[in-house]
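The values are calculated or read from the model by the stated rules, or taken from the named source; none is laboratory data. For clarity, every value in this text was computed on a predicted model and none was experimentally measured. Cβ sites come from the backbone with ideal geometry, for glycine too, and all protein chains shown count toward neighbours.
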Amino acid sequence: MRFDIRIAALSQAFEQRLRIAASLLGAYKINMQVDAWNGTRCHLLIAAGDDLYGQKALDIAHRRGTAVLAVGAAVNDAEYPVIGRDAAAVDIARRMRELLKPTTFAPTAKPDDAATALHALFDGAWRHRPVDVLLDRRVVYLRPQTGRIFAATHSDLLAIQQALAEDSGELGLRAPEALPEHAISSSLEAYLLHIAHAANEKLPPYPDGRYHLKAWPDLGSVPALRDAMAVVARLTQGPTSPSELETALNGSPAASLIRPSLWAFSAAGLLQADAVAPQTAPRPVADARKQGIWASIARHFGLKR
Amino acid sequence: MFDGMVKIVLAGPVGAGKTTTLRSLSDDEPVSTEMPLTDGPMGEKTTTTVALDFSTVMLDDGTPLQMFGLPGQDHFAHMRPIILQGALGVIVLLAADQPDILTMCSEWLDAIQSITPDTPIAIGITRSDQARDFRMDALRALLAERKTTLPVFTIDARDREQAQQLVRALVYSFA
Ligand SMILES: Nc1nc2c(ncn2[C@@H]2O[C@H](COP(=O)(O)OP(=O)(O)O)[C@@H](O)[C@H]2O)c(=O)[nH]1
Ligand SMILES: [Mg+2]
């Protein structure tokens, strides 16, 4: 992988030492390209902290979650890392290496070399475990215990969701690290269901066996996949098998959501394989009149059952 | 057409998003009685529900589905049994950025189940976009302790489709 390093408002002398630093890092198999900053996404921005243009570039890049390094002076009260304007090439190299480290040099862990991130998360070693997924400089933080997924920005969530759905080989995984300071969060089960639905043919049939859900997955934010609730309803009632679900939901809009639901809720840590029946109260049974009303309500709120 | 009142009740503390959810679920503007709250500051909120929020949607078989928002304040507790009685389903709303969300959840479930024990309940967590620290596990543990698996959904109450997810979950609460 090649790192995209951008620079803004640097003196010629500093830029020269920076280029030497970049070639020094080649010894660590860290390859980088150094170009003028043009406002687009990059791995690291190095800019003069005592120059107006440099400061503006640092602010913009930092807001986007890009690593930054201010040269010469700190920017107002921002806490950007600073390096002296006379720093030697080896020092510049060391700082660059440190700054790129948190996301991109972290050892990526995969169950085996053949498995992609998608498979590691759904049917591999990382399912229902806390893990960070990396794509370039983007990171999402899966925390199954909490039912939440975290990221620096919504666009990070979406970009990695799409890459996972495409079973991209560009994705990396690492053991969980601290969340960014201003992380946003979202429903993990909804996120995984979206991916499993989009990647449906890439996942194998769910292994035969009997399963139940120990809690309702949080599906509030996935109205597009509302029919998954039919699968959830059956799995919260008691142990059932994939083939029983197929039979029960055959011909309903929920049929195509059985496999994605099983994979997603299992990856989220909510699906239990059983021998024992779950400890839940029996669900209320509506009388015939109420059944009719519920059917009307279902239609009104967009459910075809 | 169903004879007798068909109603869904929205419950939960002040600021939980009952009025917002009701508005999202309604076809017409709900009738709300909003008055300035006089008993203390409520953060950025200047008005709150001191009477009932109410709205109707017409189902395709001609039955009006009535939706009520329960007043959240304790001093309106005497109104709750009257409104909850005979409810087809109850949606409990809680705000993710409320520090005592677990106590609130427990109290509201107790209050509802003491009046109408067999009515299906769905729990909506609003404002999770404002609460990075919100997590599901404590709520799920609380429900497991009560030996129940009620749907708990984080929603943006301002989003019609997400608010509707709660009603859909109620629909699926029946055997
Ligand atoms: N950010 C955000 N704000 C919400 C959400 N739901 C409700 N609100 C806001 O929270 C406040 C309280 O909501 P309201 O419906 O009046 O609560 P009520 O007292 O239960 O009726 C209002 O300012 C709403 O706009 C949500 O999901 N996200
Ligand atoms: Mg209100």
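At-a-glance table
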{"item": "Region B:48-87 - residue that is small (Gly, Ala, Ser) and more than 14 Å from ligand 2 (Cβ to nearest atom) and, of those, nearest to the other protein chains (Cβ to nearest Cβ)", "result": "B:Gly62"}
{"item": "Residues of region B:152-164 satisfying the condition of being within 13 Å of the chain's Cα centre (by Cα) and within 7 Å of chain A (Cβ to nearest Cβ)", "result": "B:Val152, B:Phe153, B:Thr154, B:Ile155, B:Gln164"}
{"item": "So B:Val31, is it within 10 Å of ligand 2 (Cβ to nearest atom), more than 14 Å from chain A (Cβ to nearest Cβ) and either over 23 Å from B:Pro120 (Cα atoms) or at pLDDT 65 or above (or both)", "result": "no"}
{"item": "Test result for A:Ala21, within 26 Å of A:Glu181 (Cα to Cα), part of a helix (DSSP H, G or I) and among the aliphatic types (A, V, I, L, M)", "result": "no"}
{"item": "Which numbered condition B:Gly69 fails, given (1) out of contact with any Phe, Trp or Tyr (no Cβ under 7 Å at 6 or more places or on another chain); (2) over 15 Å from B:Val31 (Cβ atoms)", "result": "(2)"}
{"item": "Test: residue in region A:207-216 that is at the interface with chain B (Cβ under 9 Å from one of its Cβ atoms) and either touching a His at 6+ places or on another chain (Cβ under 8 Å) or among the aliphatic types (A, V, I, L, M) (or both)", "result": "yes"}
{"item": "Some residue of region A:182-205 being in the same structural domain as A:Pro130 (by TED's automatic domain parsing), within 18 Å of B:Asp133 (Cα to Cα) and assigned to a loop (DSSP other than H, G, I, E, B)", "result": "yes"}
{"item": "Flag for B:Thr20 being on the phi < 0 side of the Ramachandran plot, within 9 Å of ligand 1 (Cβ to nearest atom) and modelled with pLDDT of 90 or more", "result": "yes"}
{"item": "Spans of strands (runs of 3 or more DSSP E) in region B:61-175 with at least 3 residues within 14 Å of ligand 1 (Cβ to nearest atom)", "result": "B:64-69, B:89-95, B:121-126"}
{"item": "Failed item, numbered, when A:Asp35 is tested on (1) farther than 24 Å from A:His154 by Cα; (2) not in a strand (DSSP E or B); (3) not aliphatic (A, V, I, L, M)", "result": "(2)"}
{"item": "Qualifying residue in region B:149-166 (condition: modelled with pLDDT under 95 and touching a Ser or Thr at 6+ places or on another chain (Cβ under 6 Å))", "result": "yes"}
